[in-house]
Amino acid sequence: MMLSANSCLAVFVMGISVLSFNTFTLQNDLKQIDYQDSLCVLRGYIGYSVCAIVNYSFVLQALFQYTTAVYPHYLFYQSVRSQILLIIIAWIIGFTYPLEFLLRDEIIFNVDNQICQIPMKLSFSIIYMSFCIFIIPILVIMFIYIKLILYVKKISKRVVSVNILFRAQRELKMIRRTVILVAILSTICAPYQTLIIISLFTEPPKYHFRIAYVFLDLSLLCVIIVLFQFTDPVKTSIIKRIRRLSNMIIPTIS
């Protein structure tokens with residue numbers, strides 16, 4: 001429940017960040033402003049941070065499901081204290097890694113796209129950012145998923161307790177949902193990643209960031225829908241609150 005709530009919070013913060021990007025871009029387009037405001041670089045920094053935090057929140061969920069299935073008697077990771085500690089570490093990493101290109105003033109204003117980002121060109125920062133946001137968390141999640149599949153196949157061939165096999169299969173189902181979320185992010189964010197690869201060899205299209213953020217908006221919407229559908233405790237809690245609110249409103253109206 002805690003790790004799922006952390007993912008929901010991270011996606012919510014990312015949604016606010018994307019909304020601020022779009023609002024700033026729309027205002028500049030309507031007013032034909034070709035210079036950045038005082039918060040432009042900060043928005044870029046927060047955008048890179050929360051994007052990594054979202055992906056690493058999925059890593060924490062996958063790791064929890066793997067340890068619960070393979071090491072059910074190791075209660076350290078299952079404790080609330082350890083989960084809070086790992087969530088804090090993930091958020092610290094998310095807000096720390098962009099300092100490499102923030103302190104070197106590499107988050108700059110792009111006039112054509114009305115956004116502050118790292119320029120898409122061959123540089124250490126663009127490769128470093130890609131590894132931190134996309135490559136490392138996706139590879140870790142896929143590695144955990146494959147390890148759990150092999151574990152389930154292994155114990156299914158042995159004479160083991162039904163509870164152990166059921167627990168492993170249940171966690172495999174849960175981690176499969178995490179993989180689906182990551183697959184959605186990877187697929188819909190593929191244009192952004194493709195533009196990064198293109199920028200390593202040649203000049204990207206003029207409005208490359210606008211194109212990339214259209215797909216980012218779409219991926220965020222899909223992730224919110226899937227996350228709500230897959231996260232049963234959060235979904236149940238929200239539905240209960242909505243019903244409670246509707247029950248309070250109906251007597252007032254009548």
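The values are calculated or read from the model by the stated rules, or taken from the named source; none is laboratory data. Computed from a predicted structure; not experimentally measured. Cβ coordinates were reconstructed from backbone atoms using ideal geometry, including for glycine residues, and neighbour counts include every protein chain displayed. Just the protein is used for accessible areas: all its heavy atoms, side chains included, with ligands, DNA and RNA removed. Shrake-Rupley method; radii C 1.70, N 1.55, O 1.52, S 1.80 Å.
Taking the square root of 5 times each eigenvalue of the Cα gyration tensor, what semi-axes in Å does the equivalent ellipsoid of the range 1-228 have, largest first?
Semi-axis lengths for the range 1-228 are 38, 17, 15 Å.
Under 5 Å between amide H atoms, partner at least 5 residues away or on a different chain: which partners does SER123 have, H built in plane at 1.01 Å?
none
Hey, with R₀ at 30 Å, roughly what FRET efficiency would MET142 and LEU19 work out to, going by the Cβ-Cβ distance, to 0.05?
Numbers: r = 30 Å, r/R0 = 1.01.
Step by step, r from the Cβ atoms, then E = 0.50.
How high is the FRET efficiency between ARG210 and SER38 when r is their beta carbon distance and R₀ equals 25 Å, given to the nearest 0.05?
Details: r = 22 Å, r/R0 = 0.89.
Efficiency at R0 = 25 Å is approximately 0.65.
Based on the Cβ-Cβ distance of PHE12 and LYS153, what FRET efficiency does E = 1/(1 + (r/R0)^6) give at R0 = 25 Å, to the nearest 0.05?
Given R0 = 25 Å and the Cβ-Cβ separation, E is 0.10.
Taking amide H positions as placed in the peptide plane 1.01 Å from N, state which residues far from ILE115 in sequence (5 or more) or on other chains have amide H under 5 Å from it.
For ILE115, the qualifying residues are ASN110.
Taking θ as phi - 60°, what are the ³J(HN,Hα) couplings along the range 58-63 by the Karplus curve (6.51, -1.76, 1.60), each to the nearest whole Hz, with x for Gly and Pro?
With coefficients 6.51, -1.76 and 1.60, one gets 5, 4, 4, 5, 5, 5 Hz.
Pulled fully out, how much extra length does the chain show between LEU26 and ILE89, if you take 0.36 nm times their separation in residues and subtract their Cα-Cα distance? List each step's numbers first, then the result.
Working: separation 63, 0.36 × 63 = 22.68 nm, distance 3.48 nm.
My answer for the length gained is 19.2 nm.
With Kirkwood's inverse mean 1/r over C-alpha pairs for Rh, give me the Rg to Rh ratio of the range 22-68, two decimals please. Write out the running numbers ahead of the final one.
Working: Rg = 17.4 Å, Rh = 13.2 Å.
Ratio value, two decimals: 1.31.
How many angstrom separate the Cα center of the range 118-147 from the Cα center of the range 22-80?
Here the two parts' Cα centres lie 14 Å apart.
Just to check I understand the Karplus step: with θ = phi - 60° and J = 6.51 cos²θ - 1.76 cosθ + 1.60, what whole-Hz values come out for the range 207-213, glycine and proline as x?
9, 5, 5, 4, 4, 4, 6
Enter the accessible area per residue of the range 1-228 (Å², integer; probe 1.4 Å; all protein chains in place).
Values: 12110 Å² over 228 residues.
Using a 1.4 Å probe on heavy atoms only, each residue of the range 1-228 averages 53 Å².
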